[in-house]
Amino acid sequence: MTEPETLRCATHPDVETTLRCGKCGKPICPRCMVQTPVGARCPDCARLYKLPTYQVSTIYYLRAAGTALGTAVVIGIIWGIIESFLPFRFFTLIIGAGIGYAIGELVSRSVNRKRGPWLAVIGSLGVVICFGMTFAVEMVRFGFISFGGLGILFTLGAIAIGIYMAVNRLR
């Protein structure tokens with residue numbers, strides 16, 4: 001049995017190695033080796049890149065922001081009008097989930113089902129803006145925001161549930 005040839009890593013010349021890329025044959029050390037289903041590869045042959053689903057361009061971010069803002073304003077105004085006629089704060093939790101899902105789904109569709117942490121942030125901000133619009137409608141109609149007893153807790157819970165739903169649709 002012959003002794004394996006000791007080589008120097010192509011990326012790290014100070015490291016001795018006996019490994020070679022399974023595709024191009026370039027000497028590689030364990031630090032730069034990428035394990036693939038077909039064997040050890042150098043970083044060039046392994047072609048490490050992000051999945052297309054997570055490659056989001058600036059245009060997609062602008063689309064997502066516009067969709068989130070437009071949806072939040074429209075739904076917020078509609079919900080603000082409906083909420084003035086429904087005194088039951090428990091429905092706010094259910095509506096919060098629906099708002100979060102709707103904003104997350106519409107933003108997702110507007111960016112061709114792309115995913116990413118910044119899209120989740122945009123969706124979350126859309127939910128917050130939506131509830132802000134609800135408060136603005138209340139201010140215009142009544143001149144004040146009335147929470148009553150546990151109203152603030154239900155509203156904060158609804159915002160949290162809405163953000164959770166939007167983030168789950170977009171991350």
Looking for something touching a Gly at 6+ places or on another chain (Cβ under 9 Å), in contact (Cβ under 8 Å) with a residue 60 or more places away in the chain and either in a helix (DSSP H, G or I) or among the β-branched types (V, I, T) (or both) - is there at least one such residue anywhere in region 32-53? yes
The correct count of residues that are crowded, with 16+ Cβ neighbours inside 10 Å and farther than 12 Å from A10 by Cβ in region 35-47 is 3
List the number of the failed condition for I78; all other conditions in (1) surrounded by 16 or more Cβ atoms within 10 Å (Cβ to Cβ); (2) among the hydrophobic types (A, V, I, L, M, F, W, C); (3) under 30 Å from F154 (Cβ atoms) hold. (1)
Consider V73 against the criteria (1) surrounded by 14 or more Cβ atoms within 10 Å (Cβ to Cβ); (2) among the β-branched types (V, I, T); (3) farther than 30 Å from P117 by Cα: it satisfies all of them except one. Which criterion is unmet? (3)
Need at least 2 residues that are of a type outside the set (F, W, Y), modelled with pLDDT under 95 and in contact with a Ser or Thr (Cβ under 8 Å, 6 or more places away or on another chain) per element, so show me which helices (runs of 4 or more DSSP H) inside region 76-171 make the cut, counting only ones lying wholly within it. 117-142, 151-170
The one condition in (1) out of contact with any Lys or Arg (no Cβ under 8 Å at 6 or more places or on another chain); (2) closer than 30 Å to V127 by Cα; (3) surrounded by fewer than 16 Cβ atoms within 10 Å (Cβ to Cβ) that S84 fails to fulfil: (1)
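The values are calculated or read from the model by the stated rules, or taken from the named source; none is laboratory data. Just so it is clear, the model here is predicted, and its values are computed rather than measured. Heads up, the Cβs are rebuilt from the backbone with ideal geometry, glycines too, and the neighbour counts pull from every protein chain shown.
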